[in-house]
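The values are calculated or read from the model by the stated rules, or taken from the named source; none is laboratory data. Note that the structure is a prediction, hence the values are computed from the model and not measured. FYI the Cβ positions are ideal-geometry reconstructions off the backbone, even for glycines, and counts take in every protein chain you see. Just the protein is used for accessible areas: all its heavy atoms, side chains included, with ligands, DNA and RNA removed. Shrake-Rupley method; radii C 1.70, N 1.55, O 1.52, S 1.80 Å.
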Amino acid sequence: MNQEQSIYIKMRHRIGVTLNQTVTIHDIAQVSAHPSIQSQIQHLSIHTVKPEDKNFIVIDIMRIVRVIQENYPGLDIQNVGAAQTILEVQFEKKKIVPVYFVLIWLLLFVGAALAIMNFHEDVSMREVQQRIYTVITGEETDKPLLFQVPYSIGLGLGMILFFNHVFRKRINEEPSPLEVEMFNYDQDLEQYLIIHENKGDRK
């Protein structure tokens, strides 16, 4: 078989699309073929995004193979890597209403503050700090500010270091635990979509 009859396809992992967009092979896969046919294959239409597609669409390699064979029969098609590409339909984002933003911010702030205070109450943090203050200074006090102030500052700095962000600026290249959990969630979501959203192609 000569080189012109061979084509290699590597599916992209996950891409964003918009409503009514016509998705071509070039959009969802890398194609390596003889120059005389590569451009034509890349521009073959695979899917047109419709409202009933909802948020995610799974394109299987077999769907691409069928389209290519319909237009260019006799080609030797080889898949390299993953067998599916996930299309994420990106709808127009709604503007955030300032009132809703403030309410959500207050809810998260109060919830986080209550969680920290309840934790400190459960472990008797105040009594522990009072006892440490007495052991070190030999004096008793209801407000051991010598420990409470540095502890409060350290708590805030510790949260910044833990999440590895100051507002939108990353402190270093290491991912935060939250980012790792979000990555694991995305991986699980993609596996679910590949299994459950691809039923039509499997049939």
Evaluate E = 1/(1 + (r/R0)^6) for M159 and N79, where r is the Cβ-Cβ distance and R0 equals 35 Å; express this FRET efficiency to the nearest 0.05.
0.15
Given only helices, namely DSSP H runs of n ≥ 4 each adding -39500 (n - 2.57), what is the per-residue ellipticity at 222 nm of the chain, to the nearest 500 deg cm²/dmol?
-16000 deg cm²/dmol
Options I46, G81, Q191, ranked by Cα towards positive dipole end of the chain, top entry (Cβ charges)
I46
Per residue, in Å², the accessible surface of region 77-203 once ligands and nucleic acids are set aside, probe 1.4 Å
84
In debye, nearest 20: dipole of the chain around its Cα centre with unit charges on the Cβ of K, R (+) and D, E (-)?
600
Y185 to N20: FRET efficiency via 1/(1 + (r/R0)^6), r the Cβ-Cβ distance, R0 35 Å, to the nearest 0.05?
0.75
Using the Kyte-Doolittle scale, find the helices of the chain whose mean hydropathy is at least 1.6 and whose Cα atoms extend 20 Å or more along the helix's long axis, counting only whole DSSP H runs.
145-163
Where the only charges are on Cβ atoms (+1 Lys, Arg; -1 Asp, Glu), what is the dipole of region 38-133 about its Cα centre, to the nearest 20 debye?
300
So if each residue of separation counts as 0.36 nm, and I subtract the Cα-Cα distance between K169 and L103, what length gain in nm does that give?
21.3 nm
Within region 1-116, what whole-number % of the accessible surface is contributed by carbon and sulfur, with the 1.4 Å probe and all protein chains included in the calculation?
59
Given labels modelled 7 Å from the Cα in the Cβ direction, how far is it in nm from K10 to E139?
6.9
Once the Cβ-Cβ distance between S152 and I195 is put in as r, and R0 is 45 Å, what FRET efficiency do you end up with, to the nearest 0.05?
0.40
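Which length gain, in nm to one decimal place, applies between M117 and S32 when the Cα-Cα distance is subtracted from 0.36 nm times their residue separation? Could you put the intermediate results ahead of the total?
Values: separation 85, 0.36 × 85 = 30.60 nm, distance 5.96 nm.
Fully extending the segment from M117 to S32 adds 24.6 nm.
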Links that overshoot a 27 Å alpha carbon limit, given the list K50/K95; K10/K95; K54/K169
K10/K95; K54/K169
